[in-house]
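Trainee: Take a look at the following structure, please.
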Amino acid sequence: MARILLTGAAGGIGTRLRKLLKPVYPDLRLSDITKPADLRPDETFVAADLARIDEVEKIVDGVDGIIHLGGISGEAPWEGILQSNIIGCYNLFEAARRKGVKRVVFASSNHAVGFYPRHHHIGVDVTVRPDSRYGVSKAFGEALGSLYADKHGLRVLCLRIGNFGDKPLDKRRLSIWVKPEDLVQLIRIGLEHADLRFEIFYGASWNERAWWDNHRAYDYGYRPTGRAEDYLEHALAEQAKLKPDPVGDFFQGGTFCSQEFDGDTGRVWKT
Ligand code: 15L
C-alpha cells in the first residue's frame, strides 16, 4: 500500500491516528474541512468539503487506499448528517470508483446497531438497529460499501467503532472500548489483507463484557492488545458519577438511545 488518504484528519480519532499511521504509511495524505491545528511540516494536508464531489475527487486522486473517518461524529440535526455523512459518504465511494482506488476502510459505528439491548450478543449478520440519525448514516455507509464491493470490486472494510481512547470511560465503555493501537491493527487488515473483499468488524479491543461477536476480525488475524477489565475500577468510579438513564442503560447505544426518546418503553423493554 503506497499512498493512503485519511479523511477526518482533524477530528478526535483522526488527530490521534495520524501519529500512529505515519510510521506505517509514510506517504499519508490528510484531509478534513479545516486544517488540523497541530499539523506538522512532514505531513501533507489537502482541505475538502465531503459534500462536494469535485473536491472529494481531488483528494482521492492517486491514492491506493482510503481510511474514511470524515463526517459528523455524533448525533446532529438532519441537514448536517445529510450533507456530511450521507452525501459525503456517497461522494467518497463514488470518487474512489472513478479514480480507481483499490480499498476503503469505512469508519462505521456501534450506533448502527445501538438499539439492541445489552443482554443481546450480536454478530455482524443482524439487521441494523440504528439509535440516531448518526447511526442511520453509518448503516447507509455500510450498505454503500457493500454495493461498491459487489458491483465495482472495491475492497471494503467497515469498522463499527465502539469507544476509542486510552481507557474505558464508564461501565458501557467496558463492553465497547477500543485502544488506538488496536484500531490501527484493524485498519491495516482492511488496507493490506489479501483475502479481504467486503467485511464488517467491530472496532473493539479484548473486552470480556463485549456484546459483540467479533470472530470475523479474529479470522483475519486480529489480536487486540487492550483489555478493558484492566481499567475496571476507573470505569466504575466514573459510572458512579452519572445519573441513571433507564433507556440509555438498557440499550447498547447508551445516551444515543435516550436522546429525543419518546417511544413506548413498555414495548422496547421486551425486545
Ligand atoms: C461514536 O460513534 C462517537 O463517534 C463517539 O463520540 C462516542 O459517542 C462513541 O460512539 C460511543 O458510543 O461511545
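Trainee: Quickly run through the range 25-43 and pick out the residues that are of a type in the set (A, V, I, L, M) and out of contact with any helix residue (DSSP H, G or I) (no Cβ under 7 Å at 6 or more places or on another chain).
Mentor: 33, 37, 39
Trainee: Residue 204 is checked against (1) within 16 Å of the ligand (Cβ to nearest atom); (2) among the hydrophobic types (A, V, I, L, M, F, W, C); (3) more than 13 Å from the chain's Cα centre (by Cα) and fails just one. What number does that condition carry?
Mentor: In the conditions (1) within 16 Å of the ligand (Cβ to nearest atom); (2) among the hydrophobic types (A, V, I, L, M, F, W, C); (3) more than 13 Å from the chain's Cα centre (by Cα), residue 204 misses (3) alone.
Trainee: What tally of residues in the range 5-29 results from selecting those that are over 19 Å from residue 165 (Cα atoms) and either surrounded by fewer than 21 Cβ atoms within 10 Å (Cβ to Cβ) or over 17 Å from the mean Cα position of the chain (by Cα) (or both)?
Mentor: Of the residues in the range 5-29, 7 are over 19 Å from residue 165 (Cα atoms) and either surrounded by fewer than 21 Cβ atoms within 10 Å (Cβ to Cβ) or over 17 Å from the mean Cα position of the chain (by Cα) (or both).
Trainee: Determine whether residue 14 is out of contact with any strand residue (DSSP E or B) (no Cβ under 7 Å at 6 or more places or on another chain) and among the small types (Gly, Ala, Ser).
Mentor: no
Trainee: Still on this structure: Right, residue 169: within 15 Å of the ligand (Cβ to nearest atom) and part of a loop (DSSP other than H, G, I, E, B) or not?
Mentor: So residue 169 passes the test.
Residue by residue, here is whether (1) farther than 26 Å from residue 245 by Cα; (2) away from the ligand (no atom under 16 Å from the Cβ); (3) in contact with a helix residue (DSSP H, G or I) (Cβ under 7 Å, 6 or more places away or on another chain) holds:
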{"position": "111", "(1), (2), (3)": "no, no, yes"}
{"position": "139", "(1), (2), (3)": "no, no, yes"}
{"position": "142", "(1), (2), (3)": "yes, no, yes"}
{"position": "156", "(1), (2), (3)": "yes, yes, yes"}
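Trainee: Give the residue, chosen from 49, 42, that is over 15 Å from residue 95 (Cβ atoms) and either outside any helix (DSSP H, G or I) or at pLDDT 95 or above (or both).
Mentor: 42
Trainee: Does residue 46 satisfy the condition of being in contact with a helix residue (DSSP H, G or I) (Cβ under 6 Å, 6 or more places away or on another chain), surrounded by fewer than 19 Cβ atoms within 10 Å (Cβ to Cβ) and β-branched (Val, Ile, Thr)?
Mentor: yes
Trainee: Taking into account only those residues within the range 61-75 that are surrounded by 18 or more Cβ atoms within 10 Å (Cβ to Cβ) and more than 16 Å from the ligand (Cβ to nearest atom), which is farthest from residue 111 (Cα to Cα)?
Mentor: Restricting to residues being surrounded by 18 or more Cβ atoms within 10 Å (Cβ to Cβ) and more than 16 Å from the ligand (Cβ to nearest atom), the top hit is 63.
Trainee: Continuing with the same structure: Is there a residue being without any contact (Cβ under 8 Å) to a residue 12 or more places away in the chain and in a helix (DSSP H, G or I) anywhere in the range 237-247?
Mentor: Among the residues of the range 237-247, at least one is without any contact (Cβ under 8 Å) to a residue 12 or more places away in the chain and in a helix (DSSP H, G or I), which makes the answer yes.
The values are calculated or read from the model by the stated rules, or taken from the named source; none is laboratory data. Because the structure is a prediction, the values reported are computed rather than measured. Neighbour counts run over all protein chains shown; Cβ positions are idealised from the backbone, glycine included.
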